[in-house]
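Q: Here it is: the structure, laid out below.
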Amino acid sequence: MVSRVIPVDPFDLVVFGGTGDLARRKIIPALFRRYCSGQVPEGSRIIGAARSELDRDGFCDMVAGAIREFSGGRACEDGTLERFLQMVDYVKLDASGEDGWSELTHLIKEDRTRAFYLSVGPALFGDIAGRIRTHGLVNDQTRIVVEKPFGHDLESAQALNATLAQHFHERQIYRIDHYLGKETVQNLMAVRFGNMLFEPLWNAQYVDHIQITVAETVSIGSRGEYYDRAGAMRDMMQNHLMQLLCLIAMEPPARFEPDSVRDEKLKVIRALDPVEPHHIVRGQFDGTGDEPGYREEVGHPRSTTESYVALKAHISNWRWSGTPFYLRTGKKLVARSSVINVVFKDAPHSIFGTDAGGAANILSIRLQPNEGITMHVTIKEPGPGGMRLVDVPLDMSFAEALGPEGEDPPDAYERLIMDVIRGNQTLFMRGDEVEAAWAWTDPIIAGWKARGEVPKPYDAYSKGPLDADQLMRRDGREWRGIKP
Ligand code: NAD
């Protein structure tokens, strides 16, 4: 299937931190892929702004290297990279001083969409936002994109929001959560609200429980210092898993428009009950053989930071009262798997008798790998021998169903960056959503601290701490979704 390209006018995009890891691995390759798809019009400009000692040629070399390494082998016409590089420029700039700002201001003169992507640490957000304003770069067509982490608690998130609000209207601020840019996440909304089939069953009367798993095989990498201050609760649960929970649980928005969708998400977060301490399991991976444990990796022998967290949440509203939501995420687990499982209740009565078998219907929404949706249904086991029931998957892999052979689905950053340019905030977090998510998260973390809790150890490359299985088993349920 050929993807539809919605044209945009030429734009200016300034990437603060344009020489950093995120810019090289995600932002630049995403822009290049959109350029190959004909969505970045000629005449647009992509301006790297960072403190690295580079001139334009040096930055273009870096951009070309990043594209070769990270753009997923996208096949483009000859000369595409050279044409793309003609749009690229670089300013050596100090975000917290005056160096480079007049050069940047000089480059951005045209009356067109101008987006400023803050791919730098959050400590610099205030400085950059302020200087964009004092250098006269804010007008109606200005947008600012900020990366996670958006605060480390409610107070810091409120302070960040207040700082940004001094210089920009909320409608100009794009807080990225790249999970929302994933094809399957949007498909979740299409499946829920585009079909008559699911929505009538999407409530506590028919859904037994919902599981959200974001399992990673990777470890902390070079982010040890940051991660040890954050942990899985702040790094993943407060944002990515919370956003998935919102989309799966929210009421149908009146329209697929930014504030309609975000209003509904906010209502979900505000309806979340505080989590009982015995409904949370924290874990920290141990070393095995030559593999270092968490504490060795972060160089902090007494660290009590969790690299894994699982919890049971309740949403107190008419739709979900009594349906538990089980959420878990962790590092150095046995498989990389992000999946949402909607587990429906058993049929009220089996006309085939209890020996016939069969299992609950489960709708599995896979975010990665192999994005797609599977519906588990019960059918008759083929052949003679009476009525035996078996559970079979009706599988729709998006790559098979929709993509041309061999082409990767678009990366989340491709979609989100183009949404910024189009001025569509639907897939970005609003300030009040972020604050509400912290208001739910803070007491959980404060409780761990007050009780002096230490995380449960788990083996590296396992499914996580045994206590997380217990959390489910106590309720007569089991986790699904991490398969080695
Ligand atoms: P990085 O350390 O690799 O790059 C930082 C960039 O900021 C560099 O280009 C550097 O030159 C620039 N910079 C630093 N101080 C500056 C200053 N005073 N003036 C001008 N430029 C300055 O960091 P990163 O991994 O690219 O992360 C950037 C942001 O994105 C961080 O907030 C991070 O938490 C967030 N983030 C990163 C990832 C990732 O995968 N790397 C994922 C999600 C969010």
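Please treat every number below as a calculation from the coordinates, not as lab data. Predicted model, so just to flag it, every value in this text is computed and none were measured. Neighbour counts are summed over all protein chains in view; Cβ atoms, including those assigned to glycine, are modelled from backbone coordinates with ideal geometry.
Q: Report Rg(Cα)/(2.2 N^0.38 Å) for the chain, keeping two decimals. Kindly include the intermediate steps, with their values, before the conclusion.
A: Details: Rg = 23.8 Å, N = 484, 2.2 N^0.38 = 23.0 Å.
Output field value: 1.03.
Q: Would you mind pulling out the separation of the Cα centroids of the range 407-467 and the range 129-191, in Å?
A: Centre-to-centre (Cα) distance: 15 Å.
Q: Along Cα→Cβ, 7 Å out, is where each label goes; now give me the distance between the ones at F256 and R302 in nm to one decimal.
A: Placing both labels 7 Å beyond Cα along the Cβ direction yields 5.4 nm.
Q: Still on this structure: When you take every Cα atom in the range 11-147, what is the radius of gyration, and what is Dmax, the widest Cα pair distance, in Å?
A: Reported Rg and Dmax, both Å: 14.3, 42.
Q: Same structure, new question: Which shape class applies to the range 419-484: rounded if a/c is under 1.5, otherwise prolate when a/b exceeds b/c and oblate if not, where a ≥ b ≥ c are the square roots of the Cα gyration tensor eigenvalues? Can you show the working numbers first?
A: Numbers: a/c = 2.57, a/b = 1.55, b/c = 1.65.
Because a/c hits 1.5 or more and a/b fails to exceed b/c, the range 419-484 counts as oblate.
Q: Something else: Quote the FRET efficiency, to the nearest 0.05, computed for R388 versus S156 with a Förster distance R0 of 51 Å and r equal to the Cβ-Cβ distance.
A: The computed FRET efficiency comes out at 0.30.
Q: Give me the three principal axis extents of the range 264-356 from the C-alpha atoms, as integers in angstrom, largest value leading.
A: Projected onto the principal axes, the Cα atoms of the range 264-356 cover 57, 40, 24 Å.
Q: Could you estimate the translational diffusion coefficient of the range 182-310 from the Stokes-Einstein equation, with Rh from the Kirkwood formula over C-alpha pairs, at 4 °C and 1.567 mPa s, in whole µm²/s?
A: Values: Rh = 17.2 Å.
Stokes-Einstein gives a translational diffusion coefficient of 75 µm²/s.
Q: Now for a separate question. Ignoring the sites themselves, what is the longest stretch of the chain with no trypsin sites (Lys or Arg not before Pro) in a DSSP loop and at most 13 other beta-carbon atoms within 10 Å? Present the calculation step by step, with values, prior to reporting the outcome.
A: Details: sites that count: R4, K109, R255, R302, R336, R474.
Formally, the longest exposed-site-free interval is 110-254.
Q: Hey, another quick one. Determine the shape class of the range 341-475: with a ≥ b ≥ c the square roots of the Cα gyration tensor eigenvalues, call it rounded for a/c under 1.5, and otherwise prolate if a/b is greater than b/c, oblate otherwise.
A: Values: a/c = 2.30, a/b = 1.26, b/c = 1.82.
Note, shape of the range 341-475 comes out oblate.
Q: Given R₀ = 22 Å, what would the calculated FRET efficiency be for D111 paired with R83, taking r from the Cβ atoms and rounding to 0.05?
A: For R0 = 22 Å, the calculated efficiency reads 0.35.
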